[in-house]
Amino acid sequence: MKTNILVILFIIFSNSLYSQSDTYSITHYYGDGKLKDLTDLSTGEYQSYFENSQLKKIGFYDISGSVLSKSIGVWKEYDRHGELIKVINYSIEKDKKNNLIYDSKGQLLSGEWKEYYDNGNLKLSGTFNTYKKNGEWRYYYENSQLKKTGNFNDDKKIEEWQYYYENGYKKMIGAFLNNERNGKWLRYGKRNGKLQVEIEYRNGIRNGKFKVFNSNGDVIKEFEYVNGIKTN
């Protein structure tokens with residue numbers, strides 16, 4: 001009888017130990033030892049934090065697969081001061097690109113939008129109109145240097161866009177039509193900011209002259225493209 005009781009107690013004790021250790025998580029830390037992010041592999045919950053230990057993002061991944069890569073349910077993002085800045089409602093049946101973005105009041109996102117790097121510098125700014133990008137948007141490098149700027153119409157790039165290197169030199173300039181490169185595009189050198197290449201596009205495909213310039217601005221090579229195919 002005593003033997004049976006001891007066996008039962010041992011089984012209960014063993015199960016208790018197993019259930020307590022049956023939770024696995026992945027954690028990352030900042031250089032000073034503060035928690036950067038944590039993923040609970042048993043529930044799919046993800047949390048990330050700023051360096052000041054303020055919650056940055058929280059949500060869940062789908063744990064039905066072998067890799068935690070698909071966001072599901074409601075994800076919330078906060079600024080460095082703890083203010084809720086974005087709520088994204090993911091659906092497991094939908095592709096990520098089809099999910100809608102909501103503001104902190106649960107309304108489809110409209111109005112001015114800004115995002116920041118971990119160091120507090122502005123990352124991007126622009127305007128949403130019922131969760132679609134409209135008007136001028138500006139993107140920045142982490143050092144606050146302008147990276148690119150241009151206009152959207154219902155999430156599609158339109159008109160002239162300008163791109164810059166991190167050192168401030170202009171990188172590229174050209175126009176979009178319905179999110180496709182259209183017309184003449186110019187590309188500049190990273191070290192001297194001088195024109196290097198001139199390319200003509202039609203509906204996102206190279207069509208027309210392709211010119212290469214030297215540092216004096218002289219054409220040193222010239223090609224012709226028709227529907228993306230070089231003809232000479």
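The H on the amide N of GLU142, modeled in the peptide plane, is under 5 Å from the matching H of no residue at least 5 residues off or on a different chain. A Förster radius of 25 Å, combined with the Cβ-Cβ distance separating ASP155 from ILE63, puts the computed FRET efficiency at roughly 0.20. A simple spin-label model places pseudo-atoms 7 Å from Cα toward Cβ; at ASN214 and LEU124 they are separated by 4.1 nm. Listed by chain and number, the aspartates and glutamates placed with their C-alpha closer than 17 angstrom to that of LYS148 are GLU115, GLU136, GLU159, GLU160, GLU166, GLU180; residues fewer than eight positions away on the same chain are left out. Taking 0.36 nm per residue of sequence separation and removing the Cα-Cα distance, the ARG80/PHE223 pair yields an extension gain of 46.3 nm. Under 5 Å from the amide H of LYS123 lie the amide H atoms of GLU115, TYR116, TYR117, each residue being 5 or more positions distant or on a separate chain, with H modelled from the backbone and absent for Pro and chain starts.
Here GLN145 and THR231 are evaluated by their C-beta separation; at R0 = 35 Å the FRET efficiency comes out at 0.35. Applying the criteria of a DSSP loop state and at most 15 other Cβ atoms within 10 Å to the trypsin sites (Lys or Arg not before Pro) of segment 169-202 yields LYS190, ARG191, LYS194.
No lab work stands behind these numbers, since they all come straight from the coordinates. Remember, it's a predicted structure, so these values are computed and weren't measured experimentally. Cβ: placed from backbone, ideal geometry, glycine included. Neighbour counts: every protein chain shown.
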